[in-house]
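Below is one structure; the comments refer to it alone.
The values are calculated or read from the model by the stated rules, or taken from the named source; none is laboratory data. These figures come from a predicted structure and were not determined experimentally. Heads up, the Cβs are rebuilt from the backbone with ideal geometry, glycines too, and the neighbour counts pull from every protein chain shown. Quick note on the areas: whole protein, heavy atoms, side chains included, nothing else; ligands and nucleic acids left out. Shrake-Rupley method; radii C 1.70, N 1.55, O 1.52, S 1.80 Å.
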Amino acid sequence: MENTTNQNQIIPPANRWIRRLKKLKNNRAGVLGLIIIAGLIITALFADYIAPYSYKAQDLSLMNIPPSMDHIMGTDEFGRDVFSRIILGSRISVYVGVVSVGLSVLIGSLLGALAGYYEGWLDRVLSTVTDLTWSLPEILVALLLVAVVGAGVECVIIAIALTYWAQYARLIRGQILMLKNEIYVEATRSLGATDFTILFKHLFPNAIAPVIVAATIGIGQAIVLEATLGFLGMGAQPPLPSWGAMMSNGTAYLFISPWVIIFPGLAMMITVFGFNLFGDVLVDIMDIREDTLK
Amino acid sequence: MSLLVVDNVSVEFKTRDGIVEPLSGISFKIDAGEILGLVGETGSGKSVTAQAIMGLLPFLNGRVSSGRICFRDQDLLAISEDQYQKIRGNHISLISQNPMTSLDPVYKVGDQIVEGLRQHVVIARDDAVKRAVNVMTSLGIPNSEKVFFQYPHQLSGGLKQRIVIAMGLCADPHLLIADEPTTALDVTVQAQIVELFRKTVAQRNIGLIMITHDLGVISNLCDTVVVMYAGHVVEKGRVQEVFANPMHPYTRALLKCIPKFGMPERSLKAIQGNVPSVSTFPGGCRYHLRCPDMKPICMTEAPQTLQAGNGIEVQCHQFGPNWREEL
């Protein structure tokens, strides 16, 4: 076998990410989504530098001022700059959205993969738990947690993670059930692979694409849920500026200073929209089968 | 010492309608450097035989219910799954039925060859890559260094088949089982692959079990042939002997079905009827429903395996003591 045809180094071809990003040029909605997400992340990371005022600096002489050159989104009932608070609030939204959905995907895909791969009693137990979880309303779980550990961002994250994982578990389970009958699984097993290798190295990467799409949309939902819980007073506690809490406080002054509600609402709308568009882009980027050899 | 001995092996599967037995008491053996052809219609139990040897049945709700499978004097039915994992791909490799789907679509083909190799051999990645590329080149893959980094969907069927063979060969197995490796390929590629197998077996002195329903491939490539029907071995022997003088009516019928150039139109032969499904195997000789020479004894008594001349073994009442023409 030791022939000498390959003395030279074996070098992998250039990274295909550039090619994938080029493909995006034709997908305007995707580019828009990507820009929104990138903008959001930059805002969250550099919030301290972008915000013109402190999020908690009160100035009672400047209460409920409409948008102007000094305060481009006006001020709230304590004279705090709404724009600065929205900028800081993006941190909470991104944090809650990404961490809670990240946790749910982790839990969900692990349990779903085990259920789909091993079937039998393990599947019956896990599927029952999944179905039970599915039937729990997030807000009730959050209420329960608040009663036990007190309100706060972490409480929201745990509430979302505990309820959202079920949908990812179901998705992955279905994928694994289908994929494990593929011939390449038998082929891998005939090469001496262990269950662990087959499940996590071969089935998982093939099964994960729809979960990632669902997860990006889930991040949008989680952000809305955080706002809902914030609106109900269960999320980030004052003076932390969560978008939901901002809107909640603003309701009292709806007819005096509507900008206190409108701008956080807009910020949230754009963010969720961005994540939904981004989900579609990810499908394109991740599908290696669409790569062409040119 | 034979490389592999399959001795009186029966296999059963648990299904919703009860237990079925797709293999009943099959026996054959193969030596190093030998090519054995396993032939029969769809449903005759060829692939189940391969899965039984590979120890894959437990994953499919099946098990070997009786008999012995010995590989280099080691009883494969007595070892644990962990030990089996060290044998699969390392000492015995299976090239599964369809090259189009036996590669994982999300990995580069080279990485899949390397994965199989590193499962068993402690080897640095760079060396493994070199070895994989060498094996690929020896299998006649042009531009192996480039193909190594391509994904399965970027390759043609013939190339994919070679990759799958490379996966099977990379760890230097003693026994290769190829389950219809040429079925999905066009005739010219088929011929190349058959040639490839012949060369590989000769170079490495390994055993090859060739599962196919293509009698052309068998006569071209194999040393011995095992004809299977409905979970039984109905005839086995040296290829030249069996093909020159087929004894079992099923073997004869199979050989008649081969189309030839210059045949008059509409003269393509087929064997009447179908292979019975595994839950409805008939009593007596399992072939009697389709057999042109059927006698009453065939319906009631299962034929014994008989030693005919020329080393041929055949399972048919015609050659037994109870056969009388006048019946």
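Overview of values
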read-out: Test: residue in region B:204-227 that is of a type in the set (A, V, I, L, M, F, W, C) and open to solvent by 40 Å² or more (accessible area, probe 1.4 Å); value: no
read-out: Residue match in region B:85-97 (condition: at pLDDT 90 or above, more than 27 Å from residue A:119 (Cβ to Cβ), open to solvent by 20 Å² or more (accessible area, probe 1.4 Å) and in contact with a Phe, Trp or Tyr (Cβ under 9 Å, 6 or more places away or on another chain)); value: yes
read-out: Selection from region B:180-191 of residues that are within 14 Å of residue B:163 (Cα to Cα) and not aliphatic (A, V, I, L, M); value: B:181, B:182
read-out: Wholly within region B:106-200, helices (runs of 4 or more DSSP H) carrying at least 3 residues that are surrounded by fewer than 20 Cβ atoms within 10 Å (Cβ to Cβ) and within 11 Å of another protein chain (Cβ to nearest Cβ); value: B:125-138
read-out: Test: residue A:237 is among the polar types (S, T, N, Q) and assigned to a helix (DSSP H, G or I); value: no
read-out: Among residues of region A:54-68, those that are assigned to a loop (DSSP other than H, G, I, E, B) and more than 16 Å from residue A:263 (Cα to Cα), counted; value: 6
read-out: Within region A:240-257, considering residues that are aromatic (Phe, Trp, Tyr) and in a helix (DSSP H, G or I), the one farthest from residue A:160 (Cα to Cα); value: A:253
read-out: Single condition residue B:102 does not satisfy, out of (1) modelled with pLDDT of 85 or more; (2) within 11 Å of another protein chain (Cβ to nearest Cβ); (3) surrounded by fewer than 24 Cβ atoms within 10 Å (Cβ to Cβ); (4) in a loop (DSSP other than H, G, I, E, B); value: (3)
read-out: Close pairs from region A:213-237: first closer than 14 Å to residue A:104 by Cβ, partner in a loop (DSSP other than H, G, I, E, B), Cβ under 6 Å, at least 6 apart; value: A:226/A:235
read-out: Test: residue A:139 is open to solvent by less than 40 Å² (accessible area, probe 1.4 Å), β-branched (Val, Ile, Thr) and in contact (Cβ under 8 Å) with a residue 60 or more places away in the chain; value: no
read-out: Subset of region A:258-294 (residues that are modelled with pLDDT under 80 and assigned to a loop (DSSP other than H, G, I, E, B)); value: A:287, A:291, A:292, A:293, A:294
read-out: Any hit, region A:221-237, residues being farther than 17 Å from residue A:138 by Cβ, hydrophobic (A, V, I, L, M, F, W, C) and either open to solvent by 10 Å² or more (accessible area, probe 1.4 Å) or at pLDDT below 80 (or both); value: no
read-out: Selection within region B:12-49 - surrounded by 21 or more Cβ atoms within 10 Å (Cβ to Cβ), outside any strand (DSSP E or B) and not aliphatic (A, V, I, L, M); value: B:40, B:44, B:45, B:46, B:49
read-out: Scope region B:290-307; condition surrounded by fewer than 16 Cβ atoms within 10 Å (Cβ to Cβ), over 18 Å from residue B:25 (Cβ atoms) and of a type outside the set (Asp, Glu); matching residues; value: B:292, B:296, B:299, B:300
read-out: Condition met for residue A:49 (open to solvent by 70 Å² or more (accessible area, probe 1.4 Å), in contact with a strand residue (DSSP E or B) (Cβ under 6 Å, 6 or more places away or on another chain) and modelled with pLDDT of 75 or more); value: no
read-out: Pair list, Cβ under 7 Å, 6 or more apart: region B:299-321 residue in contact (Cβ under 8 Å) with a residue 24 or more places away in the chain, other residue of a type in the set (A, V, I, L, M, F, W, C) and open to solvent by 50 Å² or more (accessible area, probe 1.4 Å); value: B:308/B:319
